[in-house]
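Enquirer: Take this structure, written in structure tokens, and hold onto it; I'll ask about it next.
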Amino acid sequence: QDQLVESGGGLVQTGGSLKLSCAASGRTFSNLAMAWFRQAPGKEREIVARINWSGDITSYADSVKGRFTISRDVAKNILYLQMDDLKPEDTAVYYCAAGSRRAITTMTVPYWGQGTQVIVSS
């Protein structure tokens, strides 16, 4: 079964750090772009960061630029999100996703993780 499983979420104080992981299994995701999305209570899901299949091209939402870093280990089929200088507005459920570039842009990706909760206390 093809699936993505996130881990690493939790409760952290403002200014703290967390590193999320997304382990892919069932098939190789090495030929797909991947991304992190998040959804805060009462808000729509939004893209946080994306990375191409080889890991050398990345892009970020303006709200996280300079604080978050997306990376992937293609050989191990794992996606990461290093989150530094966290703020209360970063509180959300974070989801990893895999698909084509267009699918990520339109949020119509075929593969979604189940989500991991991040809470940043003030």
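The values are calculated or read from the model by the stated rules, or taken from the named source; none is laboratory data. Nothing here was measured: the structure is a model prediction, and the numbers come from that model. Note: ideal-geometry Cβ built from the backbone for every residue, glycine included; neighbour counts use all protein chains shown. Note: areas computed on protein heavy atoms with side chains; ligands, DNA, RNA excluded. Shrake-Rupley method; radii C 1.70, N 1.55, O 1.52, S 1.80 Å.
Enquirer: Compute the normalised compactness of the chain: alpha-carbon radius of gyration over 2.2 N^0.38 Å, N being the residue count. It would help to have the intermediate numbers written out before the result.
Expert: On the way: Rg = 13.3 Å, N = 122, 2.2 N^0.38 = 13.7 Å.
In units of the 2.2 N^0.38 Å rule of thumb, it is 0.98.
Enquirer: While we're here: Show me the ranking of peptides 83-96, 38-51, 17-30 by mean Cβ neighbours inside 10 Å, starting with the highest. Intermediate values should be presented prior to the final figure.
Expert: Numbers: 83-96: 19.2, 38-51: 15.2, 17-30: 16.9.
Going from most to least packed, we get 83-96, 17-30, 38-51.
Enquirer: Using Cα centres only, tell me the gap between region 31-55 and region 72-122 in whole Å.
Expert: 5 Å
Enquirer: Take the Cβ-Cβ distance between SER7 and ARG102 as r, set R0 to 25 Å, and report the resulting FRET efficiency rounded to the nearest 0.05. Before the final figure, lay out the partial values.
Expert: Values: r = 28 Å, r/R0 = 1.12.
Calculated transfer efficiency: 0.35.
Enquirer: Follow-up. May I ask you to compute the full-extension gain from SER121 to GLN39, defined as 0.36 nm times their residue separation minus their alpha-carbon distance, rounded to one decimal in nm?
Expert: Values: separation 82, 0.36 × 82 = 29.52 nm, distance 1.68 nm.
My answer for the length gained is 27.8 nm.
Enquirer: I'd like to know which of SER30, THR69, SER59 lies farthest towards the positive end of the charge dipole of the chain, counting +1 on Cβ of Lys and Arg and -1 on Cβ of Asp and Glu.
Expert: Among SER30, THR69, SER59, the one farthest towards the positive end of the dipole of the chain is SER30.
Enquirer: How about LYS19: which aspartates and glutamates have a C-alpha closer than 18 Å to its C-alpha, ignoring those fewer than 8 places off in the same chain?
Expert: GLU6, ASP73, ASP84, ASP85, GLU89, ASP90
Enquirer: With the full set of protein chains in place, find how many percent of the accessible area of region 1-94 is carbon and sulfur; take the probe as 1.4 Å.
Expert: Values: 2350 of 4810 Å².
About 49 percent, which is the carbon plus sulfur part of the accessible surface.
Enquirer: What list of ³J(HN,Hα) couplings, whole Hz, do you get for region 11-28 from phi and the Karplus terms 6.51, -1.76, 1.60, once you set θ to phi - 60° and write x for glycine and proline?
Expert: Going residue by residue, I get 9, 9, 7, 3, x, x, 10, 9, 10, 8, 10, 9, 9, 9, 9, x, 8, 7 Hz, with x marking Gly and Pro.
Enquirer: Right, next: What list of ³J(HN,Hα) couplings, whole Hz, do you get for region 44-51 from phi and the Karplus terms 6.51, -1.76, 1.60, once you set θ to phi - 60° and write x for glycine and proline?
Expert: Each residue's phi maps through the Karplus curve to give 6, 5, 9, 7, 9, 7, 9, 8 Hz.
Enquirer: Magnitude of the Cβ-charge dipole of the chain, K/R +1 and D/E -1, about the Cα centre, nearest 20 debye?
Expert: Values: 13 positive and 11 negative charges, 46 e Å.
Using only the charged Cβ atoms, the result is roughly 220 debye.
Enquirer: Give me the accessible area per residue for the chain, probe 1.4 Å, as a whole number in Å².
Expert: Values: 6360 Å² over 122 residues.
Accessible area per residue: 52 Å².
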